[in-house]
Amino acid sequence: MKIRFLSPANIEMDEAVRYYDYQMPGLGLRFFQQVDAAVERIKLMPEAWTRIGIRTRRCLVKGFPYALLYMADEL
């Protein structure tokens, strides 16, 4: 499965990493690692996460108030 982030999502992630690092050094890295773990969960089980539209699903990022919204073309 090919993963592609939209530009606004990349910008938001960069800003969130900076914000969390400002709040506590190392927290930005932990956030990034949890986003990466969510991407891996999606790749392993793309149909497992909450359906929020006809083709759109949502996977929560553990420990942070973020979710990844995605569409899997192979479903």
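Quick note: the coordinates plus some simple rules give every number you see, no bench work behind them. No experiment lies behind these values; they were computed from the predicted model shown. Glycine also receives a Cβ, built like all others from the backbone with ideal geometry; neighbour counts cover every protein chain displayed.
Quick notes on this one:
- Qualifying GluC sites (Glu not before Pro) for region 1-69 [loop in DSSP, other Cβ within 10 Å: at most 13]: GLU47
- To the nearest ten degrees, helix 7-23 and the longest principal axis of the Cα atoms of the chain are 40 degrees apart.
- Packing-based exposure ordering (other Cβ within 10 Å, fewest first) of LEU27, LEU68, LEU6: LEU6, LEU27, LEU68
- In degrees, nearest ten, helix 27-44 long axis to first principal axis of the chain (Cα): 10 degrees
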